[in-house]
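First up is the structure itself, then whatever we jot down about it.
The values are calculated or read from the model by the stated rules, or taken from the named source; none is laboratory data. What you are looking at is a predicted structure, and each value in this text was computed from that prediction instead of being measured. Don't worry about glycine lacking a Cβ; one is built from the backbone with ideal geometry, like all the others, and counts go over all protein chains shown.
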Amino acid sequence: MTLNCETGLNSMTSFYFSLLPKAWTGKGMAQPQRRRLVLLCFLSYFLLAPAAVVSACSTFCLRDGAHVLLGKNFDWYTGEGFLSVNARHVTKTALVHPPELPVQWTATYGSVTFNQIAREFPFGGMNEAGLVVELLWLSDTRYPPPDARPALNELQWVQYQLDTAQSVTEVLQSDTGLRIAQPHAAVHYFVCDRAGNAATVEFLDGRLVAHTGAALPVAILTNSSYARSLDYLGARREFGARRELASSPSSLDRFVRAASMVQHVTASDPLSLVDSAFAVLDAVAQGSLTQWRIVYDVEHLQIVFTTQARKQAQTVALHEVDFTCATPAKIMELHGERAGQFTRYTTAQGQTLLQRVVSRLVDVGFFRQVPAASEIAQFARYPDSVVCRP
């Protein structure tokens with residue numbers, strides 16, 4: 001879809017201005033002032049209001065020698081979604097609108113991802129090289145301003161890394177050649193590779209800020225910046241004795257609670273590492289908001305997960321997945337009659353799934369206005385644009 005920025009701004013101004021109280025809409029207000037007021041209200045709602053009500057997700061890395069795991073709780077309003085099999089040797093062009101120049105790339109690695117919006121727009125996943133990328137909400141995020149680098153959105157950033165990288169180092173190096181633009185959410189990322197390297201990736205004040213190696217003393221990330229979380233942890237050396245930390249859902253307290261448990265797991269926990277990871281996830285879960293509990297077994301290239309709809313753990317082994325791009329795309333729904341088995345993907349199915357997600361978010365008040373059917377269709381149709389080049 002090609003957007004005319006001037007026309008789009010005028011339309012948006014007229015629409016959102018109509019929603020404002022009449023006391024704010026004096027006839028003498030100049031058009032530039034009207035625009036600024038509307039944009040301020042628009043951004044305040046879509047950037048600030050969701051952040052106030054969302055306290056979403058926890059992730060961490062566990063290591064026991066060569067055995068590396070990454071655990072993730074997906075805490076959100078709905079568990080609708082699916083696993084997507086993403087083929088290697090597929091050429092893609094990022095979904096961004098002019099004047100942005102889209103990133104173009106060809107997938108080197110196949111991957112399995114957790115998606116809620118559409119195929120090619122994952123929230124997290126693992127590729128066949130053992131790289132795991134997960135995203136979490138971060139209200140402090142400020143993405144880079146426009147520059148000469150080609151662009152992609154914050155969800156396609158995840159897919160790009162899984163398609164092209166096998167290590168944390170490669171993920172961090174990619175920042176020189178691309179940037180995030182036209183985002184739909186403020187997020188940061190947690191990355192882990194098969195060698196046991198981990199990193200947090202955040203965009204603060206318009207630049208990438210990464211913590212890895214010695215700068216990542218605790219391999220955990222929740223919904224506060226890593227630096228702030230580490231300061232909070234350091235200020236509470238006796239955090240295990242604080243009773244309120246046992247159940248507090250706040251981002252910083254979940255970070256501290258996970259740190260306490262990870263320290264115990266790596267030191268003396270008698271459980272298997274996978275069971276230990278689920279125990280940590282249980283400790284930082286947020287009741288009915290915790291939709292998916294995911295453990296990526298990086299060494300064995302397996303994904304073990306549960307959902308609110310299916311409490312029994314299910315395992316997907318990447319070595320059993322066909323990543324050839326000539327094979328029809330497959331997904332595994334996480335809800336409904338088809339949940340738990342891979343089926344052939346269709347564009348109509350993708351659009352139906354996305355409409356269900358949007359309807360749920362409308363029901364809980366996350367969206368003030370229902371997204372247009374054309375926007376939903378655009379995301380659902382995007383996977384049709386990728387090209388197999390075996």
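Overview of results
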{"read-out": "Output for the stretch 75-95, where each listed residue is buried (at least 22 other Cβ atoms within 10 Å of the Cβ), more than 25 Å from Val386 (Cβ to Cβ) and among the aromatic types (Phe, Trp, Tyr)", "value": "Trp76"}
{"read-out": "Filter pass, Leu334 being closer than 18 Å to Ser374 by Cα, at pLDDT below 95 and either assigned by TED's automatic domain parsing to the domain that holds Met126 or surrounded by fewer than 16 Cβ atoms within 10 Å (Cβ to Cβ) (or both)", "value": "no"}
{"read-out": "Selected residue (only one of Gln159, Gln166 is outside any helix (DSSP H, G or I) and modelled with pLDDT of 95 or more)", "value": "Gln166"}
{"read-out": "Residue satisfying all of: in the stretch 248-281; under 20 Å from Ala66 (Cβ atoms) and in a loop (DSSP other than H, G, I, E, B); modelled with the highest pLDDT among these", "value": "Ser272"}
{"read-out": "Residue match in the stretch 139-151 (condition: under 14 Å from the mean Cα position of the chain (by Cα) and in the same structural domain as Ala199 (by TED's automatic domain parsing))", "value": "yes"}
{"read-out": "Residue list for the stretch 150-173, filter: surrounded by fewer than 16 Cβ atoms within 10 Å (Cβ to Cβ) and either of a type in the set (D, E, K, R) or under 23 Å from Arg119 (Cβ atoms) (or both)", "value": "Glu170"}
{"read-out": "Residue satisfying condition, being of a type in the set (Ser, Thr, Tyr) and modelled with pLDDT under 95, within set Tyr189, Tyr232, Tyr226", "value": "Tyr232"}
{"read-out": "Strands (runs of 3 or more DSSP E) contained in the stretch 282-327 and holding at least 2 residues loosely packed, with under 14 Cβ neighbours inside 10 Å and either basic (Lys, Arg) or free of Cβ contacts under 8 Å to residues at least 60 places away in the same chain (or both)", "value": "314-317"}
